[in-house]
Amino acid sequence: MKMNKHLLSFTAIAAIGIAIVTFFDLNRDNTARAGIDITNQKQVALGKTLYAQQCAVCHGKNLEGQTPNWRQPLPDGTFPAPPHDATGHTWHHPDKMLFDITKFSRSGGSKNLPPTTMPAFKDKLTDSEIWAVLSYIKSQWPLEIQQRHDTLNKHHHMSK
């Protein structure tokens with residue numbers, strides 16, 4: 001009898017564990033991976049949707065930026081949202097920096113970047129969603145710019 005109770009308890013615990021793992025696996029977003037990946041069509045499509053919802057209001061529907069004079073400071077000393085197309089400077093920065101800027105913001109600026117009013121997206125987008133947005137943005141660049149950005153990332157990883 002004792003053996004059956006232990007076996008029943010073990011079976012019940014195992015079933016609960018399997019149910020929990022299955023629940024989280026089914027509810028996990030498997031479309032976006034860590035890192036910019038323009039070859040992942042689901043990730044790029046998700047990024048396009050999220051960009052339209054979260055980013056286009058400032059960076060432009062077509063990644064054109066807030067204003068043609070995006071390099072000129074506003075009266076408060078911050079800079080307008082830059083374009084994310086090939087005319088902007090997004091592709092001049094390695095993946096990790098783009099991720100960190102999006103997740104944590106750069107309000108107040110840093111030694112390498114001017115101050116902006118861009119909010120941090122750490123409480124609005126998951127890491128996978130941030131990577132998806134960045135994948136969408138990069139997918140819109142001409143092939144030559146994509147390749148230059150790839151080279152930048154390779155050099156950045158080598159210098160660490």
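The values are calculated or read from the model by the stated rules, or taken from the named source; none is laboratory data. Please read these numbers as outputs of a predicted model, since none were measured by experiment. Glycine gets a Cβ as well: all are built from the backbone with ideal geometry, and neighbour counts include every protein chain shown.
Let's see how each residue does on (1) of a type in the set (Asp, Glu); (2) in a helix (DSSP H, G or I):
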| residue | (1), (2) |
| --- | --- |
| Met118 | no, no |
| Lys124 | no, no |
| Glu129 | yes, yes |
| Ser135 | no, yes |
| Trp141 | no, no |
| Glu144 | yes, yes |
| Arg148 | no, yes |
| Asn153 | no, yes |
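Considering Gly88, Gly77, Gly65, Gly47, the condition of being assigned to a helix (DSSP H, G or I) and in the same structural domain as Ser135 (by TED's automatic domain parsing) is satisfied by Gly47 alone.
Residues in segment 33-44 that are in contact (Cβ under 8 Å) with a residue 40 or more places away in the chain and part of a helix (DSSP H, G or I) were compared, and the one that is surrounded by the most Cβ atoms within 10 Å (Cβ to Cβ) is Gln43. On the basis of being of a type in the set (Val, Ile, Thr), under 20 Å from Asp150 (Cβ atoms), touching a Leu at 6+ places or on another chain (Cβ under 9 Å) and modelled with pLDDT of 60 or more, does Ile38 make the cut? So Ile38 does not fit the description; no.
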